[in-house]
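Working notes for the structure below.
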Amino acid sequence: MRLAAALSGLVLALGGAVAAAPAAHASPQSCFYTVVEQHPQANPEVVERACLTGAAGTDEAIRSCYAQLRREYVPAVIAFEACRRAPQ
């Protein structure tokens, strides 16, 4: 029980660092593998195209990436996280 409480406290303490971590390793490949690992039934060609679109990093590019993934029935949470990782 104490271990769970300690881990919870650690997670809360590191929350900011953990939230910033994906941005440090962002790339179209990171976007692609996020989708393929969490939603393997997605069409890899569509996922690749969406992630390359999101690589520009603009708000419009991220929205376009997200829309393409959602049309492929990628769950919203996965699509959002993947597109957030796409910018180079």
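Ordered from highest to lowest accessible area with the whole protein assembly present and a 1.4 Å probe, Glu45, Glu81 read as Glu45, Glu81. In terms of accessible area, using a 1.4 Å probe and ignoring ligands and nucleic acids, Thr53, Thr58 rank largest first as Thr58, Thr53. For Val77, the solvent-accessible surface computed with a 1.4 Å probe is close to 120 Å², ligands and nucleic acids excluded. When the residues Leu52, Leu69 are ordered by accessible surface, computed with a 1.4 Å probe over the protein chains alone, the sequence from largest down reads Leu52, Leu69.
The values are calculated or read from the model by the stated rules, or taken from the named source; none is laboratory data. Quick caveat: nothing in here was measured; it's all calculated off a predicted structure. The area values use the complete protein model at the heavy-atom level, side chains included, leaving out ligands, DNA and RNA. Shrake-Rupley method; radii C 1.70, N 1.55, O 1.52, S 1.80 Å.
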